[in-house]
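**Q** One structure coming up, written as structure tokens, with questions to follow.
The values are calculated or read from the model by the stated rules, or taken from the named source; none is laboratory data. Here the structure is a predicted model, which means the values were calculated and not measured. Cβ coordinates were reconstructed from backbone atoms using ideal geometry, including for glycine residues, and neighbour counts include every protein chain displayed.
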Amino acid sequence: MNSLRPALSLCVLLSGCASTPTSTVETIDTSTSSTESVVSTTPIEITTTTLPSVETMPPGWFLAGRVDSPIEIFESPGAELPILTLSESTDLGSQRVVLLLEGPLYEQDGWVRVAVPMKPSGTEGWARSSDLSLFPVDRWIEVSLTDRVLRVHVDNTVAWESAVAIGRPSNPTPIGHFFITDSVIINDETGPWGPHAFGTSAFSETVTEMNGSDAVIGIHGTNRPESIGEAASLGCIRLPNDAVLELATLVSPGVPVVIHE
């Protein structure tokens with residue numbers, strides 16, 4: 001059975017944010033990490049007359065699960081041995097949530113297929129729904145690399161958008177379906193991450209390692225506002241600082257992120 005790495009500093013995790021990888025990093029105090037969820041994490045009460053699943057969610061709605069204690073992830077429903085165990089907290093100290101991709105399969109003891117926040121991007125696994133506190137999500141993030149814009153869809157309608165900076169050609173922002181894993185207040189808002197940063201389940205495809213950690217793709221503010229609208233980062237998505245603060249009032253862990261051309 002494998003378990004995830006111990007906690008690391010934010011600047012190690014959001015490695016696509018700085019201009020170049022370095023062997024020395026300044027630890028950022030994340031003791032004021034945001035713990036209030038914009039999207040309600042109130043568990044769904046499952047009864048015989050209400051059986052929520054990914055397949056029965058309205059368009060633009062999703063299911064996520066709060067991890068309240070270490071949870072085992074399996075290769076397939078009903079497998080005997082887990083392939084890894086996810087802790088109840090992320091590396092940044094946030095309450096861990098996972099995004100459901102399929103299920104619960106009530107006819108198969110409630111197994112759910114979940115997105116697993118680990119390399120390679122898009123890793124999936126199966127968990128028991130009884131080990132999760134399921135909650136609905138009514139919004140998602142869209143990032144268009146061509147338009148260099150981030151949009152928040154609420155109830156399947158565009159509710160907010162902002163221009164962004166994306167990864168440079170040599171370090172492109174990965175394309176795919178991901179989700180928000182962390183929402184963190186940055187104490188030094190004059191630094192390269194601005195006043196707020198979000199961790200995602202996406203990983204850089206070109207920066208393979210950063211101080212012994214996988215290179216997480218982040219969404220964050222910046223101290224280089226002139227880079228907004230450009231392909232300028234190591235893969236992270238930069239927003240103006242006022243925009244990232246607005247985004248922090250709209251999304252939280254569990255919200256899906258779709259990045260496309």
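**Q** Name every residue in region 105-142 that is buried (at least 17 other Cβ atoms within 10 Å of the Cβ) and of a type in the set (Asp, Glu), in order of residue number.
**A** Scanning region 105-142 gives Asp131, Glu142.
**Q** Of the conditions (1) assigned to a loop (DSSP other than H, G, I, E, B); (2) surrounded by fewer than 23 Cβ atoms within 10 Å (Cβ to Cβ); (3) in contact with a His (Cβ under 6 Å, 6 or more places away or on another chain), Val258 satisfies every one except a single condition; which number is it?
**A** (1)
**Q** Okay, moving on. For region 59-152, which strands (runs of 3 or more DSSP E) that fit wholly inside it have 2 or more residues that are over 18 Å from Ile217 (Cα atoms) and at pLDDT 95 or above?
**A** 62-66, 71-73, 84-86, 97-105, 111-115, 124-128, 133-137
**Q** Also, quick follow-up: Just to be sure, is Phe74 aromatic (Phe, Trp, Tyr), free of Cβ contacts under 8 Å to residues at least 60 places away in the same chain and not assigned by TED's automatic domain parsing to the domain that holds Gly199?
**A** Answer is yes for this residue.
**Q** So if I check each of Ala232, Ala243, Ala197, which one is assigned to a strand (DSSP E or B), surrounded by fewer than 24 Cβ atoms within 10 Å (Cβ to Cβ) and not β-branched (Val, Ile, Thr)?
**A** Matching residue, one of Ala232, Ala243, Ala197: Ala232.
**Q** Looking at (1) buried (at least 16 other Cβ atoms within 10 Å of the Cβ); (2) at pLDDT 95 or above; (3) within 15 Å of the chain's Cα centre (by Cα), which is the only condition Val164 fails?
**A** (3)
**Q** Sticking with this one: Test Thr41 against the stated conditions and say whether it is modelled with pLDDT of 75 or more and among the β-branched types (Val, Ile, Thr).
**A** Against the criterion (modelled with pLDDT of 75 or more and among the β-branched types (Val, Ile, Thr)), Thr41 qualifies.
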